[in-house]
Amino acid sequence: MSVLNNTIAEPLIFLLMGIPGLKATQYWISIPFCLLYVVAVSGNSMILFVVLCERSLHKPMYYFLSMLSATDLSLSLCTLSTTLGVFWFEAREINLNACIAQMFFLHGFTFMESGVLLAMAFDRFVAICYPLRYTTILTNARIAKIGMSMLIRNVAVMLPVMLFVKRLSFCSSMVLSHSYCYHVDLIQLSCTDNRINSILGLFALLSTTGFDCPCILLSYILIIRSVLSIASSEERRKAFNTCTSHISAVSIFYLPLISLSLVHRYGHSAPPFVHIIMANVFLLIPPVLNPIIYSVKIKQIQKAIIKVLIQKHSKSNHQLFLIRDKAIYE
């Protein structure tokens, strides 16, 4: 078996996987994936646009929502080119450096989303437990520091992981299991000792989502305890309603991750195409559903989106009238 070291001048080429066993129908199966990408990109772009443009939404809760949308948008875009390239054009080749870059952004934005969900849980905790101090605790400067700390954390945990991947040597098997580069998938192709890579990957997971998830759970325990101390049932209902969107976002982020882990661990009897389709769908669930959930649940977002759409429609009509009048007079 030949050994290919990635320190040689010629870059290593890996092959991304489409949907095994369904090559004849792969093109048609890719259409729903394309629609999901369109919904994810357009939905998160709309949320970002309305939060940035609408002054009434310049509040801590919506700043965190814009961070979530920016993360979901980036997460969708970092796998869009390779996934649709494999499905539509059979563009399966990817070199090691491009693969490592995609891994960095894929895992980095996944960990970033976990951090943003933790920040949003903290936002709900302060809003419900300390409502009178909400604006003094969550100032613009503090929100910026929270966002920057999450970014620094992700870069700090991901850089060692990526650097140690560069040190691996690979054998003749260069076929990956997904239509994008995934850390565990790549290091399993190595014919050298990858224990350090596995340890670094586990450390990155535990120091991000492994830390964030218990903290989110703790914040909701404190929120529930605070809400139950409210005498009025109507006030309790209103307090819980402010958390429903965030609870939904947390659920659609963590439940697919847990489900996919269980499928990989116990679903060995399932056909390979089941694993591939589930991996791609689960990756798209949060970016697709988060804008829909927040648009449906939060009236301020609904009003802002409607306002932007009406203004855009009015502007288009005005431009049409100007063109028509110009044509008449000429």
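The values are calculated or read from the model by the stated rules, or taken from the named source; none is laboratory data. Just so it is clear, the structure is predicted and the values come from calculations on it, not from any experiment. Positions of Cβ are backbone-derived with ideal geometry, glycine not excepted, and every protein chain shown enters the neighbour counts. Heads up: the accessible areas ignore ligands, DNA and RNA and are worked out on the full protein's heavy atoms, side chains in. Shrake-Rupley method; radii C 1.70, N 1.55, O 1.52, S 1.80 Å.
For Asn280, are the conditions met, namely being over 30 Å from Ile128 (Cα atoms), under 13 Å from the mean Cα position of the chain (by Cα) and open to solvent by less than 30 Å² (accessible area, probe 1.4 Å)? Against the criterion (over 30 Å from Ile128 (Cα atoms), under 13 Å from the mean Cα position of the chain (by Cα) and open to solvent by less than 30 Å² (accessible area, probe 1.4 Å)), Asn280 qualifies.
Checked against the criterion of being farther than 26 Å from Ala119 by Cβ, modelled with pLDDT under 95 and under 19 Å from the mean Cα position of the chain (by Cα), the candidates Val165, Val175, Val184 yield just one match: Val184. Across the stretch 165-177, the number of residues qualifying as in contact with a helix residue (DSSP H, G or I) (Cβ under 9 Å, 6 or more places away or on another chain) and open to solvent by 60 Å² or more (accessible area, probe 1.4 Å) comes to 2.
Of all residues in the stretch 213-262, those being closer than 11 Å to Ile128 by Cα and hydrophobic (A, V, I, L, M, F, W, C) number 8. Applying a threshold of 6 Å to beta carbon distances and a minimum spacing of six or more residues, or different chains, the list of pairs starting in the stretch 166-178 at a residue that is over 9 Å from Thr192 (Cα atoms) and assigned to a loop (DSSP other than H, G, I, E, B) and ending at one that is open to solvent by less than 20 Å² (accessible area, probe 1.4 Å) and modelled with pLDDT under 85 reads His178/Ala279. Name every residue in the stretch 20-54 that is buried (at least 18 other Cβ atoms within 10 Å of the Cβ), modelled with pLDDT under 90 and among the hydroxyl-bearing types (Ser, Thr, Tyr), in order of residue number. Result: Ser30, single match. Consider the stretch 178-229 and keep the residues that are β-branched (Val, Ile, Thr) and under 25 Å from Thr83 (Cβ atoms). The one that is most open to solvent (accessible area, probe 1.4 Å) is Val184. Screening the stretch 58-83 for residues that are open to solvent by 20 Å² or more (accessible area, probe 1.4 Å) and among the hydrophobic types (A, V, I, L, M, F, W, C) and picking the one that is modelled with the lowest pLDDT gives Leu80.
In the condition set (1) more than 15 Å from the chain's Cα centre (by Cα); (2) over 26 Å from Met46 (Cα atoms), Thr209 is compliant with all but (1).
Applying the selection to the stretch 1-19, what residues are at pLDDT 75 or above and either of a type outside the set (Val, Ile, Thr) or not in a loop (DSSP other than H, G, I, E, B) (or both)? Passing the criteria: Leu12, Ile13, Phe14, Leu15, Leu16, Met17, Gly18.
Restricting the first member to the stretch 218-239 and to residues that are farther than 18 Å from Phe122 by Cα, and the second to residues that are open to solvent by 60 Å² or more (accessible area, probe 1.4 Å) and part of a helix (DSSP H, G or I), the beta-carbon pairs closer than 7 Å and six or more apart or on different chains are Ile230/Arg236.
Does Phe87 qualify as being buried (at least 17 other Cβ atoms within 10 Å of the Cβ), more than 21 Å from Pro256 (Cα to Cα), at pLDDT below 95 and hydrophobic (A, V, I, L, M, F, W, C)? Yes.
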